[in-house]
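The values are calculated or read from the model by the stated rules, or taken from the named source; none is laboratory data. These numbers were taken from a predicted model, which means no experiment stands behind them. Heads up, the Cβs are rebuilt from the backbone with ideal geometry, glycines too, and the neighbour counts pull from every protein chain shown. Ligands, DNA and RNA are excluded from the accessible area calculation, which covers all protein heavy atoms including side chains. Shrake-Rupley method; radii C 1.70, N 1.55, O 1.52, S 1.80 Å.
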Amino acid sequence: MDSMMGAEYYPQNQDPNDPTNAAQSMPQQQPSTPPPSGHLQGTEPTAGMLIDQEVVDLVTSRLKASEEWRNPYRLEWDQATDHYEQIYDATGKESWQATTFQPLIPTHVERATASLHNMSMGPETPVEYKARNPENEFAIENTNELIQHDLERGQFKVHWTDFLRSAALYGTGIGKVGYMKETAQVMVKERKRPLFNGLLMNMKRMFGFDTVDQSQETFQQQTMLVKDYASFKNTDIYKIYPQPHIDDFTKDTWVIEKFKISNRELVEGAFSDDDFYRLDNVTPELLVSGNTNPDNDPQTQQKRLAQGDMNVSQPDTAPDLQHEGLEYWGPVPLYFLDPSARNDEVRKYLTVNAWIWVIDGRWVVRNRMNPYSDSMPPYIKGNYVRRPGQFYGIGIGKILCGLQIEKNEIRNTRQDNINLILNKVMAVLKDKVAKEDFQRLVSGPGALWPFQGIDDVRKALFPIEFPDITADSWRGSAEVDREAQEATDVVKTTQTIGAGEDQAGNGTFRGQLLNQQTANERFMLIARILEIVGLNAAIEKIYSRIYQFKSFDQIDAILGQARSKKFQLIQPEQLPEIASLISLGALTNENKGVKLAQMRDFWMLMMREPWFKKIEYARKMYRLMNIGSDPDEILWTDQEVAQYNDIKRQMLAASGGMPLPNAGNPGEPNGPGNPGQPPSGLGSPPSGPIAGNVPGPTNGLPRPSMPAAGPGASSIDGIGRPAA
């Protein structure tokens with residue numbers, strides 16, 4: 001359960017782990033549904049209780065509808081989970097038959113996850129806003145820094161990897177964007193500085209040593225804000241129940257998430273300082289009606305069995321008692337939140353986006369408006385292979401299901417064949433073996449079979465031969481691997497790419513690289529779509545949480561006082577108008593190689609031209625290659641270029657090679673008051689060898705003729721020797 005507000009609230013002078021104090025001091029509210037007989041006998045149900053009953057009926061009925069709709073997909077997930085966890089289906093197998101599992105689906109899922117992660121999360125900053133107008137660059141730069149801070153605090157790249165792995169295996173990944181804000185009692189270390197008396201002060205003045213004892217320190221307990229950032233987490237696909245027959249999360253659709261919550265968390269929520277996030281109806285009846293079974297959800301039973309997550313009885317205390325929770329996001333009738341709207345002939349048909357918690361299928365502890373400014377459910381989704389118009393996609397677990405079973409059977413059949421060859425089946429004449437020796441008729445090393453009344457044992461004993469299928473089995477396994485690569489474009493990471501003579505790449509190294517490039521094109525498509533519908537949507541929600549929940553004190557700490565004073569947060573609805581959201585992963589990598597090759601060709605073509613801005617061009621290539629964020633770390637700045645040109649001209653003038661042009665004329669490029677020469681990339685110098693030996697301006701006077709150049713221009717070309 002990923003709560004949006006993680007702060008802990010306790011009443012004064014009470015222990016939250018003591019259920020007695022909690023129950024006595026808790027608001028004595030009525031349960032959502034009539035409690036068991038004997039608690040409220042003789043009382044009439046209130047209007048609030050009737051509405052809570054409608055809320056429970058709405059949430060549970062919609063949960064049931066979603067379960068029935070997604071059940072065929074869940075069966076696919078169960079089989080994919082078994083294959084990913086390498087659980088072999090031994091149904092119908094004899095005890096002597098092999099049940100080895102060949103990890104085809106696990107290896108393909110991990111390779112696909114690594115490729116997608118490298119494409120989308122390769123840059124240090126996976127996505128950022130780019131200002132559409134230069135005047136907004138300062139605000140957008142600070143906005144990107146705030147987003148980057150929260151991505152680092154929330155370990156976004158780690159959780160995004162879980163999201164990609166779920167999408168690759170099941171075909172669909174679902175992430176949840178919230179905001180973590182939590183305070184805690186922490187120990188603060190402080191240095192103890194003793195008071196100086198007059199003698200110590202005089203000694204300090206005379207000898208100059210510090211009289212502070214560095215070894216003395218104190219610890220004090222303080223309440224501090226320990227978590228304050230937007231969060232992103234991958235959500236278990238088994239725990240999410242979307243509205244049937246939708247293709248994505250919207251304002252007009254609902255979704256339900258199952259979660260676990262303990263008595264301690266319920267009590268903390270009941271004592272929240274914020275009225276909006278305070279939990280209602282947390283009564284003593286609710287706290288004692290928990291579930292001692294850690295997880296009995298039949299929807300996740302197969303997955304838990306495959307993962308070895310068995311139920312274990314634990315000596316839980318009262319604060320640890322678990323409850324089953326349903327978190328509902330979506331539209332509900334307005335009168336659920338405002339009972340007076342029920343009697344209005346118009347308002348009773350209106351709906352609002354709500355945030356509802358139902359505990360144990362009975363108690364409504366939260367019934368509020370959606371707390372987020374966009375009124376959207378806090379979920380994003382991405383598909384590995386999209387089904388047009390469908391919510392759930394197709395993953396590697398479904399694509400390779402048949403090939404996984406085939407490869408398992410090929411390997412196990414080969415092992416069974418070897419077992420039969422080494423332990424042959426024998427045909428024996430029954431009347432030639434004593435009855436008491438029947439149990440000794442076992443094919444194995446050291447076996448001794450006695451026969452009576454026969455001159456040749458071969459007349460009573462005949463081995464049944466089985467052909468050796470080892471070679472055919474190896475060829476069959478290799479064929480399955482090639483078909484799997486064709487189905488997913490996940491090529492081998494070891495033992496070469498796997499290209500054969502009958503494939504497009506043949507067996508050459510360049511051909512294997514061609515196969516690798518073709519595979520990357522498919523992953524580029526998947527990664528690009530995931531960035532557009534998943535990553536960009538997550539970043540937009542993260543900034544929306546930052547805008548709504550991050551305090552200006554935290555913004556000052558992140559940006560610094562000087563920058564923060566000049567910065568104003570941009571409304572999330574206005575941000576797309578002044579900036580575009582750019583993914584720096586697959587959307588950039590897919591054309592990066594072509595762009596770099598074109599830039600290198602352009603460099604070779606133009607590098608000798610005096611008007612070519614070499615340093616600016618080098619900066620552009622530096623940024624495109626993602627070597628770093630600041631090209632001035634390895635390239636000269638404009639000021640350094642100007643200094644270099646000035647020093648070089650002075651050295652040439654000192655050596656007699658060329659006098660400084662216009663060195664004595666004030667106002668001229670090299671005269672007093674305007675020293676130096678325009679640096680490379682900012683313009684051409686008036687004259688000199690620094691910028692390609694281009695003659696300087698003539699200021700309206702006729703330009704003198706230039707000496708001839710080229711073949712025949714010199715006398716040595718005509719007479720074969722220098723002219724006298």
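Brief remarks follow.
- Its relative contact order, with pairs defined as Cα atoms under 8 Å and 6+ residues apart, puts region 232-339 at 39 percent.
- Over region 246-325, the hull volume per residue, using the convex hull of the C-alpha atoms, is 147 Å³.
- Amide H within-cut-off set for Ala354, under 5 Å, with H built and near neighbours excluded: Gly330, Val332, Asn370
- Between Asp556 and Thr100, the modelled label-to-label distance comes to 6.8 nm, taking each label 7 Å out from Cα in the direction of the beta carbon.
- For region 463-473, backbone phi angles converted through the Karplus equation (6.51, -1.76, 1.60; θ = phi - 60°) give residue-by-residue couplings of x, 8, 7, 10, x, 7, 10, 4, 4, 4, 5 Hz, Gly and Pro being listed as x.
- When each of the peptides 65-77, 390-402 is scored by how many other beta carbons lie within 10 Å of its residues on average, the order from highest to lowest is 390-402, 65-77.
- Unsatisfied cross-links (Cα-Cα over 25 Å) in the set Lys550/Lys620; Lys227/Lys251; Lys176/Lys407; Lys93/Lys435; Lys176/Lys227: Lys550/Lys620; Lys227/Lys251; Lys176/Lys407; Lys93/Lys435
- Pairs of Cα atoms farther than 19 Å apart, region 82-187, %: 65 percent
- Relative to the current alpha-carbon distance between Glu483 and Glu190, full extension at 0.36 nm per residue lengthens the span by 98.9 nm.
- Ligands, DNA and RNA left out, the accessible area of region 88-200 computed with a 1.4 Å probe is 49% carbon and sulfur.
- Projected label distance in nm at Asp89 and Ser375, using a 7 Å step from Cα toward the beta-carbon: 4.7 nm
- When +1 charges are put on Lys and Arg Cβ atoms and -1 charges on Asp and Glu Cβ atoms, the dipole computed for region 220-261 relative to its Cα centre reaches about 260 debye.
- Per-residue ³J(HN,Hα) for region 232-248, Karplus 6.51 cos²θ - 1.76 cosθ + 1.60, θ = phi - 60°, Hz, x for Gly and Pro: 9, 9, 6, 10, 4, 5, 5, 8, 9, 10, x, 5, x, 6, 10, 10, 6
- ³J(HN,Hα), Karplus 6.51/-1.76/1.60, whole Hz, each residue of region 103-108, x for Gly, Pro: x, 7, 5, x, 5, 5
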